[in-house]
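Since every read-out is calculated from the coordinates, none of them should be taken as a lab result. This is a predicted model, so every value here is computed, not measured. Note that we place each Cβ from the backbone using ideal geometry, even for glycine, and neighbour counts take in every protein chain shown.
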Amino acid sequence: MLLSQRLVRNVPLKGVPKNTIRHFASGVSDMKKTVLYDLHTELGGKMVPFSGYAMPVQYPEGVLKSHNHTRADNCSSLFDVSHMGQLKLTGKDRVSFLESLVVGDIAGLGEGQGCLSLITNERGGIIDDTVITNAGDHIYMVVNAGNKDIDLIHMNKHLEAFGGDCQLEVLDDRSLVAIQGPGAADVLQKYCDLDLVHMDFMTSSYCKVENVAGCIVTRCGYTGEDGFEISIPNDEAVRLTKVLLGEENVLAAGLGARDSLRLEAGLCLHGHDIGPDITPSQGALNWTIGARRKAEGGFTGADVILKEIEEKSTPKKRVGFFVEGAPAREGAKIFCPNGEEQIGIVTSGTMSPTLKKPIAMGYVQKGYFKAGSKVTIEVQKKMVPAVVTKMPFVEARYYRTPK
C-alpha cells in the first residue's frame, strides 16, 4: 500500500550516504502509537513522527541493508503499516456510493479482487490513492495514514447526501503489517490457511494466520516485490508479528527503506508526487480509470478528468529521470537542456541502492514527456544533465498465478 505524508527530516540514517534517502525528524512524544510501538523499540527501531504517528525509520542494521534484503532472493522484510486507515463499507448501495467518489470500476471486481484507485475532488485532483477490495458482503478499503482524516470527512459529507443504503465503518480495532520480498510467500504459507500458490496479485481473503481467525491477507505492496498486507486484530498483532520476524530470512524494516523501495518501483508518494492539485493524467495514473468509468463518468471531478484525457490537454506530466552526479531531491528545478528555461520540478529523488545511480521523478511540461528526452536539473546549485526514463526504474516482480 502507498505512504501518504511528508517524510520527516534530520535523523541520521545508518548504512547509507547522507544524501541517499530523504531524512526524518526526531521527537515523538506527542505522536500516536501503533500497537507494535513497544516491539519496534525493543528491536532498536529509531522512532520518528510520521503522519501523526511514532513510526520506525530504521533499525540497527540500517536502511541500506533493509532495502537490499527486501530485494534479495528467498528474503523478505516486515513493515508496520498500522497507521494506515482501514475502512469497511456495507449496504446494498455501497458500490454505487463508492463509485461516486473514486475513478475505479468497483462494480467490475469479482469477490476477493482488489484494485488501486483514486479518490478525486471537484477539480479532478487526487485527494488520496487507495486499495479497494470486493470482500463479498462488504468493501474493504485501505487509505493513506496522512489523509485518512481528510478522506473520512470527504466520504461522510458525500454519504450524508447520498440517500442510498451504505454504511461506513473505521476498523480501528485492527493492525496492519506488510511482508515484502521474494521470500514472503514461503514464509507466510507456513502460518496461513490459504493456498498462496493460487492467490493472484491484488486479491484478498479472510483467513487464519498462526491460528488467528479473522485476518485479512491481501497480495499487494509498495516495494515492487511480491508481498502481502496482513490485517490483524489488535490483540494478536504483537504475537503474530513476532512469529513472522522469528523466521530466519525475515527482517524488520522501516520508513527509510519503504521510501527508497517505492521510488525504485516508480510508485507515488501522496503529498509529494500526487495531490489534490494533480489530476490522474498529470500523475500518469489514467490506467486506474476503468474503461466503463471513462465511458460513463459519474465520479467526482469526472468532467475535468475525462476532458483532459479526451483532448490530450495535460499541461504537465509525472515522469522518471536518471540523473548524472548527485541525487536530485524534492524541489529541485528542472530546466530545458541548455538550462535557460525552467520546465518542471522534482518531487522525489534518491540514490538507487539497487541500480547504484541517482533516480528521480517529477513533473515536466509538454515536449519533454517522452523517454529519452534530455533535461538539466539544478542539484546543489549546479546544473547537471538528466534524461527522462520509463518507470519503474527496477523491474517489478508482482506475482502471477501459474497457468
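Modelled label positions at residue 395 and residue 365, each set 7 Å beyond Cα in the direction of Cβ, lie 3.7 nm from each other. 3J(HN,Hα) couplings calculated from phi for segment 262-268 with the Karplus curve 6.51 cos²θ - 1.76 cosθ + 1.60 (θ = phi - 60°) are, in sequence order, 5, 5, 4, 7, x, 9, 7 Hz; Gly and Pro show x.
For segment 181-275, applying the loop criterion from DSSP together with a ceiling of 13 other beta carbons within 10 Å to the GluC sites (Glu not before Pro) yields 248. Kindly give Rg over Rh for segment 315-389, based on alpha-carbon atoms, with the Kirkwood expression for the hydrodynamic radius. For segment 315-389, the value is 0.92. GNM remark for the chain: springs join alpha carbons under 10 Å apart, and the peak mean-square fluctuation among 389, 218, 41 falls on 41. Alpha carbon centre of segment 284-348 versus segment 144-181: separation in Å? If you average the Cα positions of each part, the centres end up 27 Å apart.
Counting Lys and Arg as +1 and Asp and Glu as -1 over every other residue whose Cβ lies under 15 Å from the Cβ of residue 180, the net charge comes to -3.
If you take all other residues with their beta carbon under 13 Å from the beta carbon of residue 94, and give Lys and Arg +1 and Asp and Glu -1, the sum is -3. Compute the Cα gyration tensor for segment 68-123, then decide on rounded, prolate or oblate, letting a ≥ b ≥ c be the square roots of its eigenvalues: rounded whenever a/c is under 1.5, prolate when a/b is larger than b/c in the other cases, and oblate in all that remain. Prolate is the answer for segment 68-123, as a/c is 1.5 or above and a/b outweighs b/c. Looking at this model, which pairs from 333/381; 33/242; 294/370; 92/157 are more than 21 angstrom apart at the alpha-carbon? Violating the 21 Å Cα-Cα cut-off are 294/370.
Close amide H pairs (under 5 Å, H built 1.01 Å from N) link residue 373 with 388, residues at least 5 positions away or on another chain. For residue 322, nonlocal amide neighbours, meaning residues 5 or more places apart or on other chains whose placed amide H falls under 5 Å from its own, are 387, 389. Take 79-85, 138-144 and order them by the average number of nearby Cβ atoms within 10 Å per residue, most first; the result is 79-85, 138-144. Under 5 Å between amide hydrogens, built in the peptide plane, is the criterion, and for residue 112 it picks out 134, 135, 136 among residues at least 5 positions away or on other chains. For segment 315-389, the relative contact order works out to 39 percent when only alpha carbon pairs closer than 8 Å and six or more residues apart are counted. Considering only 266, 104, 112, the Gaussian network model of the chain with Cα springs below 10 Å gives its largest mean-square fluctuation to 112. What shape does segment 212-315 have by the C-alpha gyration tensor, where a ≥ b ≥ c are the square roots of the eigenvalues, rounded means a/c under 1.5, and otherwise prolate means a/b greater than b/c and oblate the rest? Prolate. Computed 3J(HN,Hα) for segment 87-98, one whole-Hz value per residue from the Karplus formula 6.51 cos²θ - 1.76 cosθ + 1.60 where θ = phi - 60°, is 10, 10, 10, 10, x, 5, 9, 4, 5, 5, 5, 5, glycine and proline marked x. Spacing of the modelled spin labels on residue 382 and residue 123, each 7 Å from Cα toward Cβ, amounts to 3.7 nm. Taking a ≥ b ≥ c as the square roots of the Cα gyration tensor eigenvalues, with a/c under 1.5 meaning rounded and otherwise prolate when a/b beats b/c, else oblate, which class fits segment 60-314? Prolate shape, in that a/c is at least 1.5 and a/b is the bigger ratio. Determine the relative contact order of the chain: mean sequence separation of Cα pairs under 8 Å and six or more apart, normalised by residue count, in whole percent. Once divided by the residue count of the chain, the mean separation gives 18 percent. Our summary gives segment 204-252 a relative contact order of 24 percent, counting only alpha carbon pairs under 8 angstrom and 6 or more residues apart. Taking the helices alone, the chain has a mean residue ellipticity at 222 nm of -5500 deg cm²/dmol, built from -39,500 (n - 2.57) per DSSP H run of at least 4 residues and averaged over all its residues.
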